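Heads up: the structure comes next, in structure tokens.
The values are calculated or read from the model by the stated rules, or taken from the named source; none is laboratory data. This structure is a prediction, so every number in the text was calculated from the model and none was measured. As a convention, Cβ positions derive from the backbone with ideal geometry for all residues, glycine included, and neighbour counts pool all protein chains shown. For the accessible areas, the whole protein counts, side chains as well, though only heavy atoms, and no ligand, DNA or RNA atoms are used. Shrake-Rupley method; radii C 1.70, N 1.55, O 1.52, S 1.80 Å.
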Amino acid sequence: MGFSMKLRTLLVSAVITAGTMIGFSSAASAASAASAASAASAAHADSPTAAPATASDFHSVLTVDGKRISLDAGHAGVTPAGQPTGQVLPCGTQNTFIDANGTYTVQHACGGATASWSYRLSTTACATAAGTVNEAGQIWALNGVTKPKQAPHPGVICRYVFHGTYNPARDNNSIAYSDVITWAVPGGGVATLQYYGHFKLSAYPCSPTSC
């Protein structure tokens with residue numbers, strides 16, 4: 001088996017390990033959600049929180065040399081457009097989404113005017129990088145209106161924590177986002193990761209039992 005095939009096999013295995021988190025249905029039972037969260041937590045001990053949020057409105061698509069390595073049958077190449085509804089995220093806490101490719105977070109202060117976000121590639125994804133990675137700069141839309149593209153981050157270490165701010169972003173606003181990260185793989189070839197999703201910012205904080 002050649003190196004390229006071994007690399008794709010490794011990536012497929014990693015995605016299968018966390019596959020229940022990709023395309024996680026909002027109609028799933030509480031027991032299934034708890035099982036998926038437990039499995040993802042074990043697979044991503046380096047993530048900022050132990051229990052990931054429901055991944056119904058967060059997706060990522062990984063390709064190597066243009067060949068898709070993902071169980072998510074979602075929407076590659078998506079661009080924020082239209083007014084999303086998405087998952088309602090409580091204010092005053094860090095909301096975290098995890099899959100095999102990485103971790104996305106978003107946080108909004110109750111009554112605040114902005115929301116901060118971050119993204120970090122998983123150790124599994126970074127194990128395939130032959131050097132630095134390049135982030136294209138996140139594109140996003142607020143209540144269906146496309147906003148200026150955020151700053152790119154070229155030539156950074158793979159485990160760099162990409163971050164930025166949705167500004168403005170107020171209680172009850174809806175946000176859609178999409179970003180692309182690329183890196184060279186050993187022996188030649190390019191890996192491309194796109195992560196994207198949509199959500200609505202709640203004006204209410206977490207309750208003791210909701211997060």
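Evaluating PRO168 against the criteria (1) in contact with a Ser or Thr (Cβ under 7 Å, 6 or more places away or on another chain); (2) open to solvent by less than 60 Å² (accessible area, probe 1.4 Å); (3) assigned to a strand (DSSP E or B) leaves one unmet condition, (3).
Can you tell me which residue among SER116, SER202, SER174 is under 16 Å from PHE97 (Cα atoms), among the small types (Gly, Ala, Ser) and open to solvent by less than 60 Å² (accessible area, probe 1.4 Å)? The conditions single out SER116. Selection of region 128-165 for residues being open to solvent by 20 Å² or more (accessible area, probe 1.4 Å), touching a residue at least 40 places away in the same chain (Cβ under 8 Å) and in a loop (DSSP other than H, G, I, E, B) yields ALA129, ALA130, GLY131, THR132, ALA136, ASN143, GLY144, TYR160, VAL161. Taking the conditions (1) at pLDDT below 95; (2) crowded, with 18+ Cβ neighbours inside 10 Å; (3) more than 22 Å from ASP57 (Cα to Cα) in turn, PRO186 satisfies each one other than (2). When SER202 is tested against (1) in contact with a Cys (Cβ under 8 Å, 6 or more places away or on another chain); (2) among the polar types (S, T, N, Q); (3) closer than 24 Å to ARG68 by Cβ, only condition (3) is not met.
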